[in-house]
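Below is one structure, written out as structure tokens, with a few remarks after it.
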Amino acid sequence: MKKEVISPWEVSGEVNYDKFIKEFGVSKIDNKLLNRIKKHTKELPIALRRQVFFAHRDLNWILDEYDKGNKFFLYTGCGPSGPIHLGHLGTWVFTKWLQDTFDVDLWFQFTDDEKFLFKNKSYEEIQKWTQENMLDVIALGFNPKKTHFIIDTKNANLIYPEAIKFAKKINFSTIKSAFGFTNEKNIGEIFFTSMQAVPAIIPSVLEKKNIPCLIPLAIDQDPHFRVARDIYPKLGYYKPSLIHSVFLPPLIGMGGKMSSSEDKIAILTTDSPKTVRKKINKYAFSGGGKTTEEHRKNGGNTKVDVSFQYLKMFFEPSDKKLEEIKKKYESGEMLTGELKAYLIEKINEFLKKHQQKRKEAKKNIDKFLIKNQ
Ligand code: TRP
């Protein structure tokens, strides 16, 4: 097995989520906490029912404050370096659920600076992806009255004065050890965590009072906040709470996270029904038997079967149906081809709507952009 690495810019090997919880001192989302969240909603979303969001920092505190009438706001983001794929959507769909359920504002950061600094891509190309990626976020149905897009280089007048306050309190050795940086890193990369820290205080800065912040994120983003959470109180703000998700596995197998740079491993939100069919049939790692006979005899392994995992993590809302598929697949009654066909239909149904809404989003971008003061 490959060595396991989790940082914002590298996720490889098979991620051991329990080890992540232990090593980084985050808490597991247990039944007690789920029941507490349930008080605010009719039904828990898949993301919580099926442990896609599985860990947190200080979520009880956010709920305590909310119960006292002190509303939080949400903050999450997107690094615009390429097309959006299914792996990005989990966090954002869950964020939308939180926005609707708790009726709260969302601040959404596009880190075009980050992607320019970390990727071998031109500034112009990153700007193009920023525009493209905004369409996908809008297409998910966020409330334009309560959703505010921050683009780092475009809203620098708001972000930069706060970023330097973080930067002044974080030293190079902290960043080096949090991210495993070596001396060859460019100096923009070293600074970047201070930019990602800022949106968690922006509403407090603008309203001149402390407002609690909840950040839904995939676990690879935790190191930024591990570093920054020590700084917020020093600047007079609350530490933001975090809620962490696992990664949707890449098509070709369970280790690592999806990335749009490789065709084989991700389904893009702009893929045609035909492309989806081709990618799933050709690449989606199967936990089924090598031959039909073997499969009929021994059944399939749903734990490593990527198609089953996609249904579980995103595409099959019915617990009953999922259980039925699990039984049939594990007993060998259902073949990999049948499982894949079912998933392809689900993905294409979702993408058809998404692509329509993505088209309509073009005329609405302005409603989400924050105005420079
Ligand atoms: N750095 C993240 C990425 O590369 C984008 C991001 C910015 C983000 N702020 C965030 C993600 C807050 C989660 C929470 O995708």
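The values are calculated or read from the model by the stated rules, or taken from the named source; none is laboratory data. As the structure is a prediction and not an experimental result, all values here were calculated from the model. Here the Cβ positions follow ideal geometry from the backbone for every residue, glycine too, while neighbour counts run over all protein chains shown. Side chains are part of the model used for accessible areas, which takes the heavy atoms of the whole protein and leaves out ligands, DNA and RNA. Shrake-Rupley method; radii C 1.70, N 1.55, O 1.52, S 1.80 Å.
Near residue 150, the amide H atoms lying under 5 Å from its own belong to 108, 109, 110; only residues 5 or more places off or on other chains count, and H is placed 1.01 Å from N.
Backbone geometry of the range 298-310 corresponds, through the Karplus equation with coefficients 6.51, -1.76 and 1.60 at θ = phi - 60°, to 3J(HN,Hα) couplings of 9, x, x, 9, 6, 5, 10, 6, 5, 4, 4, 5, 5 Hz, x marking Gly and Pro. Quick one: angle between helix 336-361 and the longest Cα principal axis of the chain, in degrees between 0 and 90, rounded to 10, please. Taking Cα atoms only, the helix is inclined about 40 degrees. Output the pairs from 96/328; 121/363; 121/290; 38/346 with a Cα-Cα distance over 30 Å in this structure; if there are none, say none. The answer is 96/328; 121/290.
For the range 80-220, a/c is not less than 1.5, where a ≥ b ≥ c are the root eigenvalues of the C-alpha gyration tensor, and a/b does not top b/c. That puts it in the oblate class.
With respect to the chain, whose longest principal axis is taken over its alpha-carbon atoms, helix 123-139 is tilted by about 70°. Report note on the peptides 220-231, 72-83: ranked by the mean count of other C-beta atoms within 10 Å, highest first, their order is 72-83, 220-231. Of the accessible area of the chain, with the probe set at 1.4 angstrom, what percent is carbon plus sulfur? Heavy-atom surface of the chain belonging to carbon and sulfur, 1.4 Å probe: 51 percent. Surface exposure of the chain, expressed per residue as accessible area with a 1.4 Å probe, stands at 47 Å².
Summarising the strand pairing of the chain, around 35 percent of its internal DSSP beta bridges are antiparallel. A 1.4 Å probe, protein heavy atoms only, puts the accessible area of residue 92 near 10 Å². For the range 43-162, the convex hull drawn through the C-alpha positions has a volume of 139 cubic angstrom per residue. Every helix of 4 or more DSSP H residues in the chain counts as -39500 (n - 2.57), and over all residues that averages to -14000 deg cm²/dmol at 222 nm. Most tightly packed first, judged by the mean number of other beta-carbon atoms within 10 Å of their residues, the peptides 301-311, 98-108 read 301-311, 98-108. Against the main long axis of the alpha-carbon atoms of the chain, helix 86-102 sits at an angle near 60°. Put the Cα centre of the range 316-355 next to the Cα centre of the range 156-209 and the gap is 43 Å. Packing around the peptides 237-247, 323-333, taken as the average count of other Cβ atoms within 10 Å per residue, puts them in this order, highest first: 237-247, 323-333. Compactness ratio for the chain: Cα radius of gyration over 2.2 N^0.38 Å (N = residue count) comes to 1.00. Kirkwood's formula applied to the C-alpha pairs of the range 146-226 gives a hydrodynamic radius of 13.9 angstrom.
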